[in-house]
Amino acid sequence: METKKVFGKDFMLVIIGQIISLFGNQILRYAMPLYLLNETGSAFLFGVTMALSFVPMLLLAPVGGIVADRINKRNIMVGLDFTTAIIVTVYCILYRQMNLIAITIVVLMILYGIQGLYQPTVQASVPMLVAKDNLTQGNAMITMVQSLAGILGPVIGGMTYAKFGIQAILYTAIVCFIFSAVMEIFIKIPHVKQENGGSILAIAKADMKAGMDFIIRVRPETGKVSVLLLVINAVFSALIVVGLPVVINSKLGFETDVANTLYGYAQGALALGGLAGGMLSGILGKRINIKKGAALLLGCTLTILPMAVMLAISATGYLVYAVIVVCCVFMMIFSTVLSIILVTYVQIVTPMELLGKVMALLSCLVMCGHPIGQLIYGYVLERFADRTYLIFSIAFVLAALVTLIAHKIFRRIAELEEDFAANS
């Protein structure tokens, strides 16, 4: 395969398309659940909505991996962006005429399902557009794009939602998806046609088996890391996804419009940390590796502690908010660097013909932690609304225990890689 520069034309088109598409996706993920929370006032319903939204993503991510390995990746991106624009247009027309809870949950489930198909395609495209020696920088660029969209989406979405309401958000997202789809038509991604093995079900079964065999037998350490990250998502990430909007909107004494705007800023801070983590990964390049995994997880875990302390001492609203924002920035720096390390590791050790399937299966496993955690946190945050600090404290202890276990696994992986390098 011809060596590609990190900043080649086709790679840059993927980058720009991701910025536009993910911006539209981010403002929808920010505004639609928050709109439901504002209308119903139920933390439990908010948690249920977020959890149910993840189910199609979990189910369709493996399908996305199979499709990414067998169909031209450009066509997948274009088709999914156009489809998303149509879905949002339908919601824009019907959300005031139907049951708000039902239609919002259904549309969010569809949107997350589309993302489950979309992301394996992007991840499998990077090694085809970027030289192997530049994979870390290429993945860092993709991550920075996601973080940039995460900054612009909640911040601009928060201001737009507070001033103009949900309909302005929907119109903006529709334009983003259409523009991204049109631009992606001009991307050229190498595609190697694979042999068909019979019916669609037979092909899917064979492809899934090949991916599972690689994860379970050929490189079982990748599966172990994914199980650990599943637990971290359930204990840690889900707390932030559900706990952050509930705390800002219900626990700090802000007016609704102010709280919505501040929540947008907090989401932007999360993405700013992700952008900083992506930049740091790009700068360090090969100097960061799997050995640093446990230390990075520990850094993520420690950011929960100040939040628990501030909630426990009942500090003023803006002080608690400021501490949360600062913690979120550092949390995302650590977690982004860790994510890039793991994605790059899997891309390097996985054969190109299996990459989409393996990445999708591992992502699916990791994402299982989100709905589990979101359902639990949605319930406990409503059931124990007057003891939010205790929930954050327990989450910190559980995440710390998982980090101790992760240290042994990451150390073992590093030893395996050293042995492999010595024998090759």
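The values are calculated or read from the model by the stated rules, or taken from the named source; none is laboratory data. Small disclaimer: the values here were computed from a predicted structure and weren't measured. Note that each Cβ is placed from the backbone with ideal geometry, even for glycine, and that neighbours are counted across all protein chains shown. Only protein heavy atoms, including side chains, enter the accessible area calculation; ligands, DNA and RNA are left aside. Shrake-Rupley method; radii C 1.70, N 1.55, O 1.52, S 1.80 Å.
In region 247-258, which residue that is assigned to a helix (DSSP H, G or I) and under 15 Å from MET307 (Cα atoms) is most open to solvent (accessible area, probe 1.4 Å)?
Across region 247-258, the extreme among qualifying residues is LYS251.
Since LEU375 meets every condition but one in (1) surrounded by fewer than 22 Cβ atoms within 10 Å (Cβ to Cβ); (2) without any contact (Cβ under 8 Å) to a residue 60 or more places away in the chain; (3) farther than 18 Å from LYS251 by Cα, which condition does it not meet?
Going through (1) surrounded by fewer than 22 Cβ atoms within 10 Å (Cβ to Cβ); (2) without any contact (Cβ under 8 Å) to a residue 60 or more places away in the chain; (3) farther than 18 Å from LYS251 by Cα one by one, LEU375 breaks only (2).
Residue-by-condition table, conditions (1) within 18 Å of the chain's Cα centre (by Cα); (2) part of a helix (DSSP H, G or I); (3) under 25 Å from ALA149 (Cβ atoms); (4) modelled with pLDDT of 80 or more:
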| site | (1), (2), (3), (4) |
| --- | --- |
| ASN260 | no, yes, yes, no |
| ALA295 | no, yes, no, yes |
| LEU298 | no, yes, no, yes |
| LEU305 | no, yes, no, yes |
| VAL320 | no, yes, no, yes |
| ILE348 | no, yes, no, no |
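Name the residue that is nearest to ILE114 (Cα to Cα), counting only residues in region 81-102 that are outside any loop (DSSP other than H, G, I, E, B) and free of Cβ contacts under 8 Å to residues at least 40 places away in the same chain.
THR83
Applying the selection to region 260-283, what residues are surrounded by fewer than 23 Cβ atoms within 10 Å (Cβ to Cβ), closer than 28 Å to GLU415 by Cβ and not aliphatic (A, V, I, L, M)?
Answer for region 260-283, where residues must be surrounded by fewer than 23 Cβ atoms within 10 Å (Cβ to Cβ), closer than 28 Å to GLU415 by Cβ and not aliphatic (A, V, I, L, M): just GLY282.
Step by step: first the residues of region 284-293, then only those that are open to solvent by 20 Å² or more (accessible area, probe 1.4 Å) and part of a helix (DSSP H, G or I), then the one that is modelled with the lowest pLDDT. Which residue is that?
In the first step, residues of region 284-293 are kept if they are open to solvent by 20 Å² or more (accessible area, probe 1.4 Å); the result is 284, 286-289, 291-292.
Adding the requirement that they be part of a helix (DSSP H, G or I) leaves 284, 286-287, 291-292.
Details: LEU284: 75, LYS286: 67, ARG287: 72, LYS291: 75, LYS292: 78.
Restricting to residues being open to solvent by 20 Å² or more (accessible area, probe 1.4 Å) and part of a helix (DSSP H, G or I), the top hit is LYS286.
Restricting the search to region 331-343, which residues are of a type in the set (S, T, N, Q) and open to solvent by 20 Å² or more (accessible area, probe 1.4 Å)?
Within region 331-343, SER335, SER339 meet the criteria.
Okay, residues lined up against (1) within 24 Å of GLY277 (Cα to Cα); (2) open to solvent by 40 Å² or more (accessible area, probe 1.4 Å):
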| site | (1), (2) |
| --- | --- |
| VAL329 | yes, no |
| TYR345 | yes, no |
| LEU361 | no, no |
| PRO371 | no, no |
| THR388 | no, no |
| ILE394 | no, yes |
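When both residues are 6+ apart or on different chains and their Cβ atoms are under 7 Å apart, which pairs have a first residue that lies in region 127-142 and is touching a residue at least 24 places away in the same chain (Cβ under 8 Å) and under 14 Å from GLY282 (Cβ atoms), and a second that is of a type outside the set (A, V, I, L, M, F, W, C) and open to solvent by 40 Å² or more (accessible area, probe 1.4 Å)?
VAL130/LYS4; THR136/LYS286
Test LEU239 against the criterion of being under 21 Å from LEU381 (Cα atoms), touching a Gly at 6+ places or on another chain (Cβ under 8 Å), open to solvent by less than 20 Å² (accessible area, probe 1.4 Å) and outside any loop (DSSP other than H, G, I, E, B), and give yes or no.
yes
Among (1) farther than 22 Å from LEU230 by Cβ; (2) under 18 Å from the mean Cα position of the chain (by Cα), where does VAL309 come up short?
(2)
Starting from residues that are surrounded by fewer than 21 Cβ atoms within 10 Å (Cβ to Cβ) and under 20 Å from ILE20 (Cβ atoms), keep the ones in region 86-106 and report whichever is modelled with the lowest pLDDT.
For region 86-106, the residue satisfying everything is CYS92.
Could you list, in sequence order, all residues of region 179-214 that are open to solvent by less than 50 Å² (accessible area, probe 1.4 Å), at pLDDT 80 or above and not in a loop (DSSP other than H, G, I, E, B)?
SER180, ALA181, MET183, GLU184, ASP213, PHE214
What number of residues within region 347-359 satisfy the criterion of being open to solvent by less than 20 Å² (accessible area, probe 1.4 Å) and either among the charged types (D, E, K, R) or farther than 30 Å from ARG74 by Cβ (or both)? Walk me through how you get there before you give the answer.
Applying the first criterion (open to solvent by less than 20 Å² (accessible area, probe 1.4 Å)) to region 347-359 yields 347, 350, 355-359.
Checking which are either among the charged types (D, E, K, R) or farther than 30 Å from ARG74 by Cβ (or both) leaves us with 357.
Summing the residues that are open to solvent by less than 20 Å² (accessible area, probe 1.4 Å) and either among the charged types (D, E, K, R) or farther than 30 Å from ARG74 by Cβ (or both) in region 347-359 gives 1.
What number of residues within region 311-327 are of a type in the set (Ser, Thr, Tyr) and either closer than 30 Å to ASN289 by Cα or open to solvent by less than 30 Å² (accessible area, probe 1.4 Å) (or both)?
Result for region 311-327: 1.
If you check LEU52, LEU36, LEU13, which single one turns out to be open to solvent by 10 Å² or more (accessible area, probe 1.4 Å) and closer than 22 Å to TYR379 by Cα?
Step by step, each of LEU52, LEU36, LEU13 is checked, and only LEU52 is open to solvent by 10 Å² or more (accessible area, probe 1.4 Å) and closer than 22 Å to TYR379 by Cα.
Being touching a Lys or Arg at 6+ places or on another chain (Cβ under 8 Å) and in contact (Cβ under 8 Å) with a residue 24 or more places away in the chain narrows it down to one of ALA400, ALA414, ALA395, so name that one.
It is ALA414.
Quick check on LEU302: is it in contact with a helix residue (DSSP H, G or I) (Cβ under 6 Å, 6 or more places away or on another chain), open to solvent by 30 Å² or more (accessible area, probe 1.4 Å) and not aromatic (Phe, Trp, Tyr)?
Numbers: in contact with a helix residue (DSSP H, G or I) (Cβ under 6 Å, 6 or more places away or on another chain): no; open to solvent by 30 Å² or more (accessible area, probe 1.4 Å): yes; not aromatic (Phe, Trp, Tyr): yes.
Judged against the criteria, LEU302 is not a match.
Going by the structure shown, is GLY64 open to solvent by less than 10 Å² (accessible area, probe 1.4 Å), over 22 Å from VAL241 (Cβ atoms) and either within 18 Å of the chain's Cα centre (by Cα) or of a type in the set (Ser, Thr, Tyr) (or both)?
no
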